[in-house]
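Heads up: the structure comes next, in structure tokens.
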Amino acid sequence: MRRMLAMTKKESLQVLRDPAALLIAFVLPPILLFLFGFAMSLDVDDVEVGIVLESDSRQAQSLAAAFAATPFLQAHPVRHRREVERLLVTGDLKAVAVIPADFDSLLLAGDGRAAIQIIADASNPNTANFTAGYLRGAFTRWLLAQQTPGRAEAGISLQQRFWFNPALESRHMLLPGSIAIVMTLIGTLLTALVVSREWERGTMEALLATPARVEEIIISKLLPYFMLGTMAAIGCSFLSVQVMGLPLRGSFPALLLISMVYLFPALGQGLLISTVARNQLVASQMAVFSGFLPALLLSGFLYDINSMPWVLQQLTRILPARYYVSSLQTVFLAGDIWHVYVRDLVAMLILGLTFFGITRLKFTKRLD
């Protein structure tokens, strides 16, 4: 125990003397959180749209006013299509709603034909869908407002409710995933440099010559990074909740437990990489391609896993970040749902044991 504590102290001092480690652990996390929380957003607000008024009727003017009153749109009324075609081509406008000259007659006919035309710039499909949806929604609300009690027909009243994220803010979805990205950087990237740095600097031979067992070497090298990752998880959670307004509907002990368990496979993967690659550059590249990029693209952080091809869906099952992102979204947005936690925790523990088992087989006290 004294031997392992001494090596742990030595590794802790090495971490404190390493500017790159301190930068990744304490400077990069808040930068990433602010970027994902504020700069990167999937919300579509204040969209510039053109409203072509080919009719001068009172109904057409009322509909144009309804479009202008929609909080998500910045409406620009014009008289002719040619005035907005160039702006649509250049990207200054994202969509155009055309109120035709025969708007009143189409509206009074009531035969189901579209009374307006919506033209959207689909070079960005996400923005096009949102913008067209805003215009359709404003038009539908306007139509309902035009109905009088005598003319309104009996029908089904649809009321929508959105669970877990009532305001539909993409920040509430992105911030839990960004915490997973930060933990992946600390757990996998930093740890990937641990053993490879020893080989590169020529100090591994001296370490192998000591009476320390392989298990003691592994544990002493991982404990400082485990503490570093735990501190980063606490700091990221504090910033997300207190500064960026992310709700924490679960408990903090559950959040801490999930983060600590995720460090188990993340550290194991990084240590396995550093054991295989005896060069820091190679180790860092392997960590990025096997840890950071999959956590960013395949964990469900940005893209829904169910919409991915079947092969990629199966590949995500061996990614620890998939289960961590799921548990983080649950603890922040839904609450303490332990059957979800247990499923994800078991998967992360199994992956961690696999990584450490392979590392133990590869890590021997021999120079060959």
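The values are calculated or read from the model by the stated rules, or taken from the named source; none is laboratory data. What you see is a predicted model; the values in this text were computed from it and never measured. We place every Cβ from the backbone using ideal geometry, glycine too, and count neighbours over all the protein chains shown.
Annotations for the structure displayed:
Per-residue answers, yes or no, for (1) of a type in the set (Gly, Ala, Ser); (2) within 23 Å of Leu193 (Cβ to Cβ); (3) surrounded by 16 or more Cβ atoms within 10 Å (Cβ to Cβ):
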position	(1), (2), (3)
Gly250	yes, no, yes
Gly268	yes, yes, yes
Ala277	yes, yes, yes
Phe301	no, no, yes
Ile305	no, no, yes
Leu319	no, yes, yes
Asp336	no, no, no
Arg343	no, no, no
Phe355	no, yes, yes
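- The lone exception for Ile217 - which of (1) closer than 16 Å to Thr184 by Cα; (2) of a type in the set (A, V, I, L, M, F, W, C); (3) in a helix (DSSP H, G or I) it fails: (1)
- In region 94-112, of all residues being part of a loop (DSSP other than H, G, I, E, B) and either at pLDDT below 80 or among the hydroxyl-bearing types (Ser, Thr, Tyr) (or both), the one that is nearest to Glu48 (Cα to Cα) corresponds to Gly112.
- Residues in region 56-65 that are surrounded by fewer than 18 Cβ atoms within 10 Å (Cβ to Cβ), assigned to a helix (DSSP H, G or I) and not basic (Lys, Arg): Gln59, Gln61, Ser62, Ala65.
- Residue among Val282, Val331, Val325, Val340 that alone is within 12 Å of Ile258 (Cβ to Cβ), at pLDDT below 90 and in the same structural domain as Pro265 (by TED's automatic domain parsing): Val340
- Every listed requirement among (1) in a loop (DSSP other than H, G, I, E, B); (2) without any contact (Cβ under 8 Å) to a residue 12 or more places away in the chain is met by Gln242 save one, (1).
- Ala75 outside the structural domain of Thr184 (by TED's automatic domain parsing), touching a residue at least 24 places away in the same chain (Cβ under 8 Å) and in a loop (DSSP other than H, G, I, E, B): no
- Looking only at residues in region 184-213 that are hydrophobic (A, V, I, L, M, F, W, C) and touching a Ser or Thr at 6+ places or on another chain (Cβ under 7 Å), the one that is surrounded by the most Cβ atoms within 10 Å (Cβ to Cβ) is Ala192.
- The single condition among (1) modelled with pLDDT under 85; (2) assigned to a helix (DSSP H, G or I); (3) out of contact with any helix residue (DSSP H, G or I) (no Cβ under 6 Å at 6 or more places or on another chain) that Thr210 does not meet is (2).
- Answer from Leu297, Leu351, Leu315, Leu293 - the residue that is crowded, with 18+ Cβ neighbours inside 10 Å and either under 30 Å from Phe164 (Cα atoms) or touching a Leu at 6+ places or on another chain (Cβ under 9 Å) (or both): Leu351
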